[in-house]
Amino acid sequence: MPLMRIPYTAPLPPPTIIPASASTSSGALAALHDFLTARPTHTSGNGKTVLLTGAGISVASGLADYRGTRGTYTLNKTYRPIYFHEFCANHEARKRYWARSFLGWTNLTRARPNPAHYAVAGLGDMGYVSSVITQNVDSFHPMAHPSLRTLELHGYLRSAVCLSCRTEYNRAEFQNDLAKLNPAWAAFLAEMLESGALTTENPEERHRCGLKTNPDGDVDVPGVEYGTFRYPPCPKCHADPPVGADGERKRVEVDSDGAWLPSSTAGVLKPAVIMFGESIPGAVKTAAEQAIDEASRILVLGSSLATYSAWRLVKRAKESNMPIGIANLGGVRGEDQFFGNVAPSNTGKFAVRCAQSLEKFLPGLVGVLQEGSRGAFQPAPWATLFR
Ligand SMILES: [Zn+2]
């Protein structure tokens, strides 16, 4: 069955903290220490933890979270993400998408991994983590820990991909192509950057400048005519139009400046993110399931598991009796199902639910684990004889 990315907008109940001592920062650190260092209860696992991360881990990088602590879209109340079928079917919807993406791109490329991502790198270096599955499309995980495996469940913004031939193109270079095709927009963007409207991380200040930033890093400018925006075709399909299933060669037509024309039947470029209503590629789905199956426990960081694709991975872990940990500021979809049978004696070994801000908490966790491993290390008694 194909797995689709679908948004979930129902309100989420506040969390029940597990164990109760994890309601303080030090209590949560102690609980997660026990969680990560516990002897595996899941006999077939690799002894390590698989991490599942969401927008909450990127908030400190200046990127908007989809949800506030009460699980509703917060930053931009009128925001509605584009659906895959709209993008594929509608030239006007694509103009609007690429115009907003064009304006938001500079802001996104200025954002960097934050201490939480580097703490994940630290956990990997210490041997606690076997892989990271992320719902984020900002590429911060692979930037912060290139040697610890990252599976990007919902794709990534760093590339554009052709809907016809699946060739990927560097998004930064694509930005230059968009600027050339849209000089008035490029001038407007330069003006916005000059005014500081796009560089401030304060949403209220942005609002005063007439901008709204959305969770995928794009920008809304009220009153702007998106219909004037132009975007280029896939260069490969333009040079050599593909042949359709009916054996007929497709058409890729452009205007005098090289912008894609709606008389074309191929060569549309899309961001390499999995849009809402789009299926997650089979290979990604399988790799994520394998990452769950090979691990001994799962720790969710900064995700409300609002998208089914992420929620079902935790459910899969639950079905094979893996210990589950969740660190997320707000409520999590269906979390009572994950923690239904936790014994009162649990100190964190079998389950943890805490609600901490990750950019301080995760580096703290790395520190606690480092201290713990130093404390456990005793030099052999004979070592002193040779000093
Ligand atoms: Zn193509």
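No lab work stands behind these numbers, since they all come straight from the coordinates. None of these values were measured; they are calculated from a predicted model. FYI the Cβ positions are ideal-geometry reconstructions off the backbone, even for glycines, and counts take in every protein chain you see.
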Return the sequence-ordered ³J(HN,Hα) values of segment 230-238 in whole Hz as given by the Karplus equation 6.51 cos²θ - 1.76 cosθ + 1.60 applied to θ = phi - 60°, using x for Gly and Pro. 10, 9, x, x, 5, x, 5, 5, 5
F276's amide H: which non-local residues (gap 5+, or another chain) put their own amide H closer than 5 Å, with H modeled 1.01 Å from N in plane and none for Pro or chain starts? F84
Straight-line reach only, C-alpha to C-alpha below 18 angstrom: list the lysines that K318 could link to, leaving out same-chain residues fewer than 8 apart. K48, K285, K349
At 7 Å along Cα-to-Cβ for each site, give me the label-to-label distance between R110 and E319 in nm. 4.5
Could you give the length gained by full extension between R251 and F188, i.e. 0.36 nm per residue of separation minus their alpha carbon distance, to one decimal place? 19.4 nm
What FRET efficiency comes out for the pair V243/Q337, r = Cβ-Cβ distance, R0 = 35 Å, nearest 0.05? 0.10
FRET efficiency, 1/(1 + (r/R0)^6) with R0 51 Å, evaluated for S23 and A93 via beta carbons: 0.70
Taking H as built 1.01 Å from N, whose amide H comes closer than 5 Å to the amide H of V300, not counting residues under 5 places away? L52, G325, I326, A327
Could you give each residue of segment 147-153 its phi-based ³J(HN,Hα) in whole Hz, using Karplus coefficients 6.51, -1.76, 1.60 with θ = phi - 60°, and x for Gly or Pro? 8, 9, 4, 10, 10, 9, 4
J(HN,Hα) series, segment 249-256, from Karplus relation 6.51 cos²θ - 1.76 cosθ + 1.60, nearest Hz, glycine and proline x: 6, 6, 10, 10, 10, 10, 7, 5
Suppose every K and R has +1 on its Cβ and every D and E has -1 on its Cβ; what is the size of the dipole of segment 294-335 about the Cα centre, in Debye to the nearest 20? 80
Just grab the label-to-label distance for H85 and S279, each label 7 Å out from Cα along the Cβ direction, in nm (one decimal). 1.5
Under 5 Å from the placed amide H of S131, counting only residues 5+ away or on other chains, we find L51
